[in-house]
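To keep things clear, I will list the structure first and then write my remarks on it.
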Amino acid sequence: MSGSHAAADVPRARRLLRAAPGVLLYVLAGLAAFFLWPTSLGGCTTLTVVSGRSMEPTYLDGDVVVSRCGTPQVGDVVVYQPEGYGGARIIHRVVGGAATGWVVQGDNNDWLDPFEPTNDEVIGVARIHLPKIGLAAKALMSPLIWVSLIVLALAILVWPAGDDPADGDPADDGDHVGEGESAVAEPGSPVGSLT
């Protein structure tokens with residue numbers, strides 16, 4: 001009896017092993033969605049491309065900063081959106097204050113920001129720094145790059161293929177149908193045969 005029970009476990013184990021990659025893929029996709037879901041869609045992650053010199057040497061122009069929602073503390077770098085500035089985001093360091101109004105300043109600035117963002121205005125606390133990744137994004141936003149790509153694509157589509165028999169191709173053996181002639185296969189010829 002125990003031999004048949006062991007034999008039944010082998011197919012079950014194989015099924016589990018076959019299903020494991022799919023389950024792992026779904027788990028990884030779920031984790032990625034949880035950690036990368038943007039705040040604009042109700043998530044907790046914000047990607048910010050640094051523009052300017054106010055956070056040098058911590059962050060340089062073109063760096064990408066991944067921030068996650070949370071309560072900032074003094075010393076944290078935060079991304080915030082002051083009201084009345086058309087959705088502009090500022091990434092600076094918290095140097096004082098409390099949840100009712102944080103005092104923030106750029107690392108490369110000698111002055112404090114004129115805004116004191118509250119916890120409601122803070123989009124996230126910086127967690128991951130990706131140097132120079134934003135430069136590629138800025139390049140893709142350039143109209144000159146897009147026009148160049150469109151012209152290149154059109155050139156590839158319109159460019160002649162080069163398989164015109166009139167170009168003196170040595171592989172052309174002269175067995176082509178001329179004007180006024182018809183192409184008819186002889187009976188028993190392999191042309192058009194499915195065998």
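A few notes on this one:
- DSSP-loop trypsin sites (Lys or Arg not before Pro) across region 33-120, with at most 14 other Cβ within 10 angstrom: 53
- Placing unit charges on the Cβ atoms of the charged side chains and taking the dipole of region 1-127 about its Cα centre, the candidate lying farthest along the positive direction among 24, 78, 10 is 10.
- Qualifying trypsin sites (Lys or Arg not before Pro) in region 116-149, where qualification requires a DSSP coil assignment and no more than 12 other C-beta atoms within 10 Å, comprise 132.
Only the coordinates and a few stated rules stand behind these numbers; no lab work does. None of the values given here were measured: they were computed from a predicted structure. Heads up, the Cβs are rebuilt from the backbone with ideal geometry, glycines too, and the neighbour counts pull from every protein chain shown.
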